[in-house]
1. Can you find, within segment 9-20, the residue that is nearest to S74 (Cα to Cα) among those that are surrounded by 13 or more Cβ atoms within 10 Å (Cβ to Cβ) and within 31 Å of the chain's Cα centre (by Cα)?
2. Quick check: is even one residue across segment 31-39 of a type in the set (F, W, Y), farther than 20 Å from D151 by Cα and surrounded by 13 or more Cβ atoms within 10 Å (Cβ to Cβ)?
3. From the residues in segment 82-102 that are touching a Phe, Trp or Tyr at 6+ places or on another chain (Cβ under 7 Å) and either among the basic types (K, R) or not in a strand (DSSP E or B) (or both), which one is least open to solvent (accessible area, probe 1.4 Å)?
4. Might you check whether a residue that is crowded, with 16+ Cβ neighbours inside 10 Å, among the charged types (D, E, K, R), more than 16 Å from V161 (Cα to Cα) and in contact with a Phe, Trp or Tyr (Cβ under 9 Å, 6 or more places away or on another chain) occurs anywhere in segment 103-126?
5. Sort out which residues of segment 40-66 are open to solvent by 80 Å² or more (accessible area, probe 1.4 Å), at pLDDT 95 or above and in contact with a strand residue (DSSP E or B) (Cβ under 8 Å, 6 or more places away or on another chain), and write them in order of number.
6. Can you confirm whether L168 is without any contact (Cβ under 8 Å) to a residue 60 or more places away in the chain, closer than 18 Å to A42 by Cβ and open to solvent by 60 Å² or more (accessible area, probe 1.4 Å)?
Amino acid sequence: MRGPELVVYENPWIRVSHHEATAPTGRPAQYGMVGFKNLAIAVLPLHDDGTVTLVGQSRFALADYSWEIPEGGSPLGEDPLDGARRELAEETGLVAADWRQVMSVQLSNSVTDERAIGYLALGLSEGGAGHHADDTEEIALARAPFREVLDAALAGHLQDVLTVAMLLRAYHMAREGALPDALVRAMLG
């Protein structure tokens, strides 16, 4: 059971709080929690030729450069698909004719309430918008064969969890016949 929330830090994206609570065992417990003001959105842009578009950018928290699929936040009251469309266009300049929600997950649920929705974006074309970086990001783009990207993730070279999960989900869908045959051949061939 949760007790009163004491907010110790807040900004436009997160709220860090302290809770005096009762654990499932009935004992008193203290919990720290990071609450997110956005739903995490992950988009795997899967081209008809079996390639994927990746985004490269510096990530502050781990002081690391990361290659990953397009990701971002969708305000909690927004339709997540609208957020996915926006993130794909902003980060890659691409638009998709076919959107498939293929994943809904909890991220680090022992200390955060962050949830994520993952989409496959198919039928890709240039949208003409291009990336609109904010003043804190510098994004690079790369396009590579699905199988090479999956192998890089499995070897530990791509470590973003949503990227790894979405690649594995797409691989499973391809193996189970849940994607068009021509696309499966291009992805796995």
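The values are calculated or read from the model by the stated rules, or taken from the named source; none is laboratory data. Just so we're clear, the structure is a prediction, and the values are computed from it rather than from any experiment. Every residue, glycine among them, receives a Cβ derived from its backbone with ideal geometry; neighbour counts consider all protein chains shown. SASA here: full protein model, heavy atoms, side chains in, ligands and nucleic acids out. Shrake-Rupley method; radii C 1.70, N 1.55, O 1.52, S 1.80 Å.
1. I14
2. So far as segment 31-39 goes, yes, one or more of its residues are of a type in the set (F, W, Y), farther than 20 Å from D151 by Cα and surrounded by 13 or more Cβ atoms within 10 Å (Cβ to Cβ).
3. The extreme case among them is A84.
4. Among the residues of segment 103-126, not one is crowded, with 16+ Cβ neighbours inside 10 Å, among the charged types (D, E, K, R), more than 16 Å from V161 (Cα to Cα) and in contact with a Phe, Trp or Tyr (Cβ under 9 Å, 6 or more places away or on another chain), which makes the answer no.
5. D48
6. In short, yes.
Okay, residues lined up against (1) closer than 15 Å to T51 by Cα; (2) in contact (Cβ under 8 Å) with a residue 12 or more places away in the chain:
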position	(1), (2)
P80	no, yes
G83	no, yes
V102	no, yes
V111	no, yes
G118	no, yes
D135	no, no
L141	yes, yes
L158	no, yes
V161	no, yes
